[in-house]
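Undergrad: A single structure is presented below for examination.
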Amino acid sequence: MLEEALEHLVRGIVEHPDEVRVGARRIRGGRVLEVRVHPEDLGKVIGRSGRTAKALRTVIGALAGGRYVRVDLLDVNEVR
Amino acid sequence: MSQAETTEVDITVLEQEGEVAADYIEGLLDIADFDGDIDMDVEGERALVSVVGATLDELVGKRGEVLEALQELTRLAVHRRTGNRTRLMLDIGGYRERRRAELTKLGEDVAAEVRQAGEPRPLAPMTPFERKIVHDAVAAAGLRSESEGEEPDRYVVVFPE
């Protein structure tokens with residue numbers, strides 16, 4: 001559910017919604033949601049002084065109901 | 001163009017903003033499996049979108065922080081679809097309405113106390129939405145107030161005459 005919610009929130013605010021991908025992986029003590037967006041949209045999902053990124057994390061944190069969830073924002077070309 | 005026509009156009013724009021916002025929020029409610037109906041309204045010069053329904057406390061959060069975050073994202077979604085830098089207001093579970101009543105009362109009470117004591121009085125940190133309500137209540141009571149400090153710890157100070 002969290003991946004889907006995050007994907008919806010991000011798709012609504014970017015210029016290239018079809019290129020939004022959300023992946024999830026487990027880490028010790030919680031999960032990481034990895035959002036990939038078109039390179040031109042990365043600035044948009046981070047926002048001025050990280051404001052938008054913070055808003056996304058706040059909402060996802062609330063939906064996670066106390067479980068630890070980290071949200072990473074990347075552009076589609078970034079390799080990890 | 002007459003005044004009436006201008007107003008009419010503005011309302012259409014605000015209604016369109018409300019539609020986009022409602023779609024964005026409704027999509028989230030569906031995914032997260034929250035019950036809740038969405039009301040749309042125009043209040044003053046802003047679109048107001050309210051989610052009303054059962055248990056929505058998670059979507060409001062401590063001091064309304066989740067609500068503020070959702071409002072921020074919703075405004076961005078409206079901007080992307082309409083190009084408008086909107087001042088749209090989002091409310092969830094009547095939180096803003098309750099908060100407005102509480103903070104208006106607080107502003108009135110503090111103004112009365114400061115007038116008696118004759119000394120400035122700082123209040124607890126508040127969000128911009130909350131500070132605005134307090135400033136308005138203090139001004140209505142005939143006193144002056146200012147915001148001081150940095151976000152997110154910015155707070156209102158009420159001054160005697």
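Undergrad: Per-residue ellipticity at 222 nm for chain B, helices alone: DSSP H runs ≥ 4 residues times -39500 (n - 2.57), over residue total, nearest 500 deg cm²/dmol?
TA: Numbers: 4 runs with 84 residues, N = 161.
For chain B, the value works out to -18000 deg cm²/dmol.
Undergrad: Ranked highest first by average number of other Cβ atoms within 10 Å, how do B:101-113, B:138-150, B:19-31 line up?
TA: B:19-31, B:101-113, B:138-150
Undergrad: Within the protein assembly as shown, what percent of beta bridges assigned by DSSP are antiparallel, to the nearest 5?
TA: Working: 22 of 33 bridges.
In the protein assembly as shown, approximately 65 percent of DSSP beta bridges are antiparallel ones.
Undergrad: How about B:LYS105: which lysines have a C-alpha closer than 27 Å to its C-alpha, ignoring those fewer than 8 places off in the same chain?
TA: The qualifying lysines are B:LYS62, B:LYS132.
Undergrad: Run the reach check for A:LYS44 against aspartates and glutamates, Cα to Cα strictly under 13 Å, same-chain hits fewer than 8 apart removed. What comes back?
TA: Counting by Cα, and skipping residues close in sequence, A:LYS44 has these aspartates and glutamates nearby: A:GLU15, A:ASP75, B:GLU72.
Undergrad: What angle do you read, to the nearest 10 degrees and between 0 and 90, between the alpha-carbon axis of helix A:2-11 and the longest principal axis of chain A?
TA: 20 degrees
Undergrad: Over the protein assembly as shown, give the accessible area per residue in Å² for a 1.4 Å probe, as an integer. Each step should come with its number before you reach the end.
TA: Working: 13360 Å² over 241 residues.
That works out to 55 Å² per residue.
Undergrad: Let me ask something else about it. I need the semi-axes of the equivalent ellipsoid of the range B:17-91: take the C-alpha gyration tensor, multiply each eigenvalue by 5, square-root it, list largest first in whole angstrom.
TA: Values: eigenvalues 74, 33, 29 Å².
Each semi-axis is the square root of five times an eigenvalue, giving 19, 13, 12 Å.
Undergrad: Taking 50 Å² as the minimum loss, tell me which residues in the range B:19-34 lose that much accessible area going from the chain by itself to the full protein complex (1.4 Å probe).
TA: B:TYR24, B:LEU28, B:ILE31
Undergrad: At most 15 other C-beta atoms within 10 Å and a DSSP loop state: those are the exposed GluC sites (Glu not before Pro) I care about. Give me the longest piece of chain A that has none. Can you show the working numbers first?
TA: Details: sites that count: A:GLU15, A:GLU78.
With a cap of 15 other Cβ atoms within 10 Å, the longest stretch comes to A:16-77.
Undergrad: State the percent of C-alpha pairs, over all pairs in chain B, separated by a distance greater than 27 angstrom. Please list the in-between numbers first.
TA: Details: 4681 of 12880 pairs.
Cα-Cα pairs of chain B separated by over 27 Å account for 36 percent.
Undergrad: Once the Cα atoms of helix A:51-63 and of chain A are each reduced to a long axis, what angle between those two axes, in degrees from 0 to 90 to the nearest 10, is obtained?
TA: So the helix axis and the longest Cα principal axis differ by about 30 degrees.
Undergrad: Right, next: Placing +1 on the Cβ of each Lys and Arg and -1 on the Cβ of each Asp and Glu in chain B, which of B:LEU73, B:LEU143, B:LEU56 has its Cα farthest towards the positive end of the resulting dipole?
TA: My answer, from the dipole projection, is B:LEU143.
Undergrad: If you don't mind, there's one more thing I want to ask. Check every DSSP H run in chain B and write down those whose alpha carbon atoms cover 15 angstrom or more along the long axis and whose mean Kyte-Doolittle hydropathy is -1.0 or greater.
TA: Working: long enough: B:3-32 (43 Å, 0.07); B:65-82 (25 Å, -0.27); B:95-117 (32 Å, -1.16); B:128-140 (18 Å, 0.07).
Span-like helices, by this rule, are B:3-32, B:65-82, B:128-140.
Undergrad: Please report the spacing between the Cα centers of the range B:94-145 and the range A:1-55 in Å, no decimals.
TA: 38 Å
Undergrad: Total Å² of accessible surface buried at the A-B contact, 1.4 Å probe, nearest 100?
TA: Details: alone 5220 and 9780 Å², together 13360 Å².
Buried: approximately 1600 Å² between B and A.
Undergrad: What value in Å³ per residue do you get for the convex hull of the alpha-carbon atoms in the range B:85-161? Present the calculation step by step, with values, prior to reporting the outcome.
TA: Details: hull volume 7.5 nm³, N = 77.
Dividing the Cα hull volume of the range B:85-161 by its residues yields 98 Å³.
Undergrad: Please compute, over every Cα-Cα pair in the protein assembly as shown, the percentage with a separation greater than 26 angstrom. Can you show the working numbers first?
TA: Numbers: 13752 of 28920 pairs.
Beyond 26 Å sits 48 percent of the P(r) for the protein assembly as shown.
Undergrad: Multiply the residue gap between A:ARG31 and A:ALA53 by 0.36 nm, knock off their C-alpha separation, and tell me the result in nm, one decimal place.
TA: Working: separation 22, 0.36 × 22 = 7.92 nm, distance 1.70 nm.
The span from A:ARG31 to A:ALA53 would gain 6.2 nm if fully extended.
Undergrad: So for the range A:18-63, what percent of the C-alpha to C-alpha distances run longer than 18 Å?
TA: 37 percent
Undergrad: 222 nm [θ] for chain A, helices only, -39500 (n - 2.57) per DSSP H run of 4+, per residue, to 500? Don't jump to the answer; show the numbers that get you there.
TA: On the way: 3 runs with 28 residues, N = 80.
Per the formula, -10000 deg cm²/dmol.
Undergrad: Further question: Quantify how strongly other chains surround peptide A:62-69 by giving the mean number of their Cβ atoms within 10 Å of each of its Cβ atoms. Before the final figure, lay out each step's value.
TA: On the way: counts 12, 7, 1, 1, 1, 0, 0, 0.
Neighbouring Cβ atoms belonging to other protein chains average 3 per residue here.
The values are calculated or read from the model by the stated rules, or taken from the named source; none is laboratory data. Note that the structure is a prediction, hence the values are computed from the model and not measured. Cβ coordinates were reconstructed from backbone atoms using ideal geometry, including for glycine residues, and neighbour counts include every protein chain displayed. We work out accessible area using only protein heavy atoms, side chains counted, and drop any ligands, DNA or RNA first. Shrake-Rupley method; radii C 1.70, N 1.55, O 1.52, S 1.80 Å.
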